[in-house]
Amino acid sequence: MSAPPPVPARTTEPLANGDTARASLEALRSEIAKAVVGQDPAVTGLVVALLCRGHVLLEGVPGVAKTLLVRALAASLELDTKRVQFTPDLMPSDVTGSLVYDARTAEFSFQPGPVFTNLLLADEINRTPPKTQSSLLEAMEERQVTVDGVPRPLPAPFLVAATQNPVEYEGTYPLPEAQLDRFLLKLTVPLPSRDEEINVLTRHSEGFNPRDLASVGIRPVAGPADLEAARAAVARTKVSPEIAGYVVDICRATRESPSLSLGVSPRGATALLSTARAWAWLTGRDYVIPDDVKALALPTLRHRIHLRPEAEMEGITPDSVITSVLAHVPVPR
């Protein structure tokens, strides 16, 4: 997935709500670039998730700025944000909140946990046991938390950005398929190129402090109003029957792949259509084309399929399976 073309800074000329929102969301990229070098596809993926009311799983080796990326995004938005470091001893109530006894009133009162925010950074989510991981399922799917039988709605918008390390297995708990399916996108955060890494070192030698984003001049350039206007515009993006059929054919082809024991579910097909619409709108169109579907197929589907053991032994990866499916499924004209 490549990043959309840059959008000029806002002018004093009046723009339609959708155009204003698009310009604001595109400005996120330049703001985040003040702290994070490169990673444009990951930034764009986070914006797509915001537009689709989805959640994001960021996967990459330590030290590639996964946490910094999410913190920079939060600093560029007028949204409340909280961070939870997932550890083996983290309890579900540490995430959702709990009832606390007040001796003065002789009553129990609910103390909200960090999940009551707009942007939750779940750092190293695979380091906590399944019981604590599952505490996020209701929040991610229903946008609410039930404690003592009482449902409590979460703020809107609400997005979970979770990080995990793909090469460390000691002391980790792999996310079950049901929880992986709740993430709209799985974005890989690669190692930087040589030039990008030189840029990173140069910034640090000049005094860049990743713990102080205000010092690099990051400011809010978009907020809830921009998101609502953008989401309304995305909802008006047209999808032809041929494009809907193309999405279905891609997902059905994964279910027939000999390399997979689990293909993409209908929920995955719905997710692919949603992300393709958001991508089409971000690139300035009010209709979806096959290239939009192709651009979002990997991040939307790679975590929704399961390889057979023999395929893994042969070096086949989820990305290679999806790439092969895209090459063989007929493209509508």
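The values are calculated or read from the model by the stated rules, or taken from the named source; none is laboratory data. Here the structure is a predicted model, which means the values were calculated and not measured. Virtual Cβ from ideal backbone geometry, glycine too; neighbours counted across all protein chains shown. To get the accessible areas, we keep the full protein, side chains included, count just its heavy atoms, and leave off ligands, DNA and RNA. Shrake-Rupley method; radii C 1.70, N 1.55, O 1.52, S 1.80 Å.
Pop a pseudo-label 7 angstrom from the Cα along the beta-carbon direction at both L262 and S205 and give the gap in nm to one decimal.
Label-label distance for L262 and S205, simple model: 4.7 nm.
When N counts the residues of the chain, how does its alpha-carbon radius of gyration compare numerically with 2.2 N^0.38 Å, as a ratio?
1.03
From the protein chains alone at 1.4 Å, what is the descending order of accessible area for V200, V221, largest first?
V200, V221
For region 291-303, take each phi angle, set θ = phi - 60°, evaluate the Karplus expression 6.51 cos²θ - 1.76 cosθ + 1.60, and give the result in whole Hz per residue in order, putting x for glycine and proline.
Running phi through 6.51 cos²θ - 1.76 cosθ + 1.60 with θ = phi - 60° gives 5, 5, 5, 4, 5, 9, 4, 5, x, 7, 10, 4, 9 Hz.
In a shell of Cβ-Cβ distance under 12 Å around V70, excluding V70 itself, what net charge do Lys and Arg (+1) and Asp and Glu (-1) give?
With Lys, Arg at +1 and Asp, Glu at -1, the net is +3.
Apply the Karplus curve 6.51 cos²θ - 1.76 cosθ + 1.60, θ = phi - 60°, to the phi angles in region 129-144 and return the couplings in whole Hz, x for Gly and Pro.
Going residue by residue, I get x, x, 4, 6, 4, 5, 5, 8, 4, 4, 4, 6, 8, 9, 6, 8 Hz, with x marking Gly and Pro.
Enumerate the amide H contacts of L307 below 5 Å, restricted to partners 5 or more residues apart or on another chain; note that Pro and chain-start residues carry no placed amide H.
S261
Within region 110-260, what percent of beta bridges assigned by DSSP are antiparallel, to the nearest 5?
50
Set the Förster radius R0 to 45 Å, insert the Cβ-Cβ distance between R219 and H328 as r into 1/(1 + (r/R0)^6), and round the FRET efficiency to 0.05.
That gives a FRET efficiency of 0.45.
State the number of lysine pairs found in the chain whose Cα atoms come within less than 19 Å, restricting to pairs 8 or more positions apart or on distinct chains.
5
Counting helices only, and only those DSSP H runs with n ≥ 4, report the 222 nm mean residue ellipticity of the chain as the sum of -39,500 (n - 2.57) divided by its residues, in deg cm²/dmol to the nearest 500.
The per-residue figure over the chain is -13000 deg cm²/dmol.
Over the alpha-carbon set of region 66-134, divide Rg by the Kirkwood Rh and report the Rg/Rh ratio to two decimals.
My calculation of the ratio gives 1.08.
Counting only DSSP beta bridges with both residues in the chain, what percent are antiparallel, rounded to the nearest 5?
Expressed as a percentage, antiparallel bridges in the chain total about 40.
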